[in-house]
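Reading through the structure tokens given below for one structure.
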Amino acid sequence: MLTAGRSEAAPVPTDPFLSTVDEITAWFASSPEKVDAALSGSERERVLSRVAGINDAAAAGDRQALYAQQFLLDRVYRLHTKLPEQESAEGSVVVHEIGRMLETATSQAQDALVEPGLLDELPSEPRRYLSWLKQTARNHRVYKHPYYHEFIRNDATENDLRNYVMQESVVDGRFDDLLAMMQVGTAGAAKLEIASNFWDEMGNGDPAEVHTHLFNKIFEVFEIPEEELERSLSATSLLNGNLAVLLARYRALYGESVGFLGMTEWMAPDRFVQVVHAWERLGLPDVGITYHRLHITIDSQHAQGWFHNVVLPAAESPAMRRAIARGVLWRLNSSAAYLDERMPSAAA
């Protein structure tokens with residue numbers, strides 16, 4: 001497992017990939033004009049060549065390169081998803097180029113994991129198609145993965161749950177923003193379903209019940225500071241968070257986002273039952289598990305509403321059927337890679 005600055009497999013400061021990441025991210029607190037002026041001509045070509053080198057190494061299986069790739073993409077996305085406290089390079093042409101190179105390489109890697117021809121054999125009738133999506137998930141090795149059903153439920157220690165929460169923050173900790181981004185341009189039943197889902201995430205108007213606020217209560221229980229959180233995210237954790245942002249922010253990838261986020265919600269209740277069991281087994285403070293208890297019920301309802309009000313209407317279109325299935329497979333495969341990495345046998 002790769003993490004930043006914590007495990008024995010963590011990248012060392014002399015790692016050339018992370019040196020490139022450090023060089024690039026140092027510009028992110030500058031204005032777009034400053035960045036594009038400094039990184040022009042041969043300097044621009046040099047930086048883009050370094051990013052291409054990271055992508056090539058990651059594609060070849062270099063785990064340090066994969067970490068650097070996803071860490072850098074996460075930092076690019078922060079320019080677009082967090083309010084700046086200083087100058088920001090958001091809007092820089094060069095940063096956009098870097099981001100697109102990372103996104104393209106990440107997308108290609110996920111597509112390479114999809115069984116050839118699978119997306120060409122989808123049922124055309126919407127309800128049969130929906131059944132196919134669910135059965136595909138049930139047949140995937142990530143379904144009822146032993147990380148949740150064996151390790152978390154029966155063996156995880158308090159420190160294991162602490163680390164689990166940090167890794168999960170890349171999706172759970174910003175699900176409301178993902179919904180807000182993906183609903184742009186939608187209409188009708190789909191927009192209403194996304195809006196209903198978002199309003200639940202907002203605690204139905206009660207600030208104390210906002211789901212990101214409840215999720216952050218877990219950080220308080222475990223006393224997790226922001227700097228430790230950033231150091232502790234693994235390559236596959238960053239990948240899962242980056243895929244969610246990638247699909248939610250681009251209108252052309254709306255269908256993939258429907259599949260990715262819908263499958264996330266569909267799998268959550270069963271997983272969270274195991275987390276709640278572990279939490280209670282360890283006798284941890286009740287305030288920290290409210291988020292997971294709540295989502296066992298809510299995500300089950302959301303998933304059904306999502307399937308019937310978002311997926312089924314969209315499944316009338318062959319292009320949308322393919323896009324949604326692609327997003328589902330990305331979610332299943334990236335989640336499997338992440339959970340495989342979390343298993344104690346993999347970390348040993």
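Taking the centroid of alpha carbons for each part, region 231-305 and region 37-77 are 29 Å apart.
Mean-square fluctuations from a GNM of the chain, with a 10 angstrom spring cutoff on Cα atoms, peak among 177, 15, 206 at 206.
The lysine pair count for the chain, using Cα distances under 24 Å and pairs eight or more places apart or on different chains, is 5.
Projecting the Cα atoms of 71, 136, 186 onto the dipole axis of the chain, where Lys and Arg carry +1 and Asp and Glu carry -1 at the beta carbon, places 136 farthest toward the positive end. Between residue 124 and residue 290, the distance separating the two model label sites (each 7 Å from Cα on the Cα→Cβ line) works out to 5.1 nm. Once both labels are positioned 7 Å from their Cα atoms along Cα-to-Cβ, the gap between residue 31 and residue 270 label points is 5.4 nm. If only the Cβ of Lys and Arg carry +1 and only the Cβ of Asp and Glu carry -1, the dipole of region 125-347 around its Cα centre is close to 1240 debye. Would you mind classifying region 231-334 by shape? Square roots of the alpha carbon gyration tensor eigenvalues, ordered a ≥ b ≥ c; an a/c under 1.5 is rounded, otherwise it is prolate if a/b is larger than b/c and oblate if not. It comes out oblate by the Cα gyration axes.
Give me the Kirkwood hydrodynamic radius of region 251-304 in Å, from all C-alpha pairs, to one decimal place?
In region 251-304 this quantity evaluates to 12.2 Å.
In the chain, a dipole from Cβ-located charges (positive for Lys and Arg, negative for Asp and Glu) runs towards its positive end, and of 318, 42, 21 it is 318 whose Cα lies farthest in that direction.
What is the gain in length, in nm to one decimal, between residue 100 and residue 154 on full extension, counting 0.36 nm per residue of separation less the C-alpha to C-alpha distance?
On the way: separation 54, 0.36 × 54 = 19.44 nm, distance 4.20 nm.
Extending this stretch completely gives an extra 15.2 nm.
Summarising the label geometry, the points placed 7 Å from Cα in the beta-carbon direction at residue 38 and residue 141 lie 4.4 nm from one another. If only the Cβ of Lys and Arg carry +1 and only the Cβ of Asp and Glu carry -1, the dipole of region 16-111 around its Cα centre is close to 120 debye.
If we sort 252-264, 83-95 on the protection proxy, mean other Cβ atoms within 10 Å, highest first, what's the order? Let's see the in-between values first.
Details: 252-264: 23.3, 83-95: 15.6.
So the peptides 252-264, 83-95, ranked by packing, come out 252-264, 83-95.
Rounded to the nearest 20, the Cβ-based charge dipole of region 72-163 about its Cα centre (Lys and Arg +1, Asp and Glu -1) stands at 440 debye. For the chain, the Kirkwood estimate of the hydrodynamic radius, built from every pair of different alpha carbons, is 21.0 Å. With the charge dipole of the chain set up from +1 on Lys and Arg Cβ and -1 on Asp and Glu Cβ about the Cα centre, the Cα lying farthest toward the positive end among the listed residues 126, 308, 98 is that of 126. Between the beta carbons of residue 213 and residue 282, assuming R0 = 22 Å, the FRET efficiency works out to 0.45 to the nearest 0.05. Once you have a ≥ b ≥ c as the square roots of the Cα gyration tensor eigenvalues for region 16-111, tell me rounded if a/c is under 1.5, and otherwise prolate or oblate according to whether a/b is larger than b/c. Prolate, because a/c is 1.5 or more and a/b exceeds b/c. As a calculated quantity, the FRET efficiency between residue 46 and residue 82 at R0 = 45 Å, using C-beta atoms, amounts to about 0.95. A full extension of the chain between residue 19 and residue 56 corresponds to an added length of 11.7 nm, given 0.36 nm per residue minus the alpha carbon distance. In the chain, helical runs assigned H by DSSP with n ≥ 4 each contribute -39500 (n - 2.57); averaged across all residues and rounded to the nearest 500, the mean residue ellipticity at 222 nm is -22000 deg cm²/dmol.
Every number in this text was worked out from the coordinates using simple rules, so none of it is lab data. Computed from a prediction, not measured in an experiment: that's the story for all the values here. With ideal geometry, Cβ positions are generated from the backbone for all residues, glycine too; neighbour counts draw on all protein chains shown.
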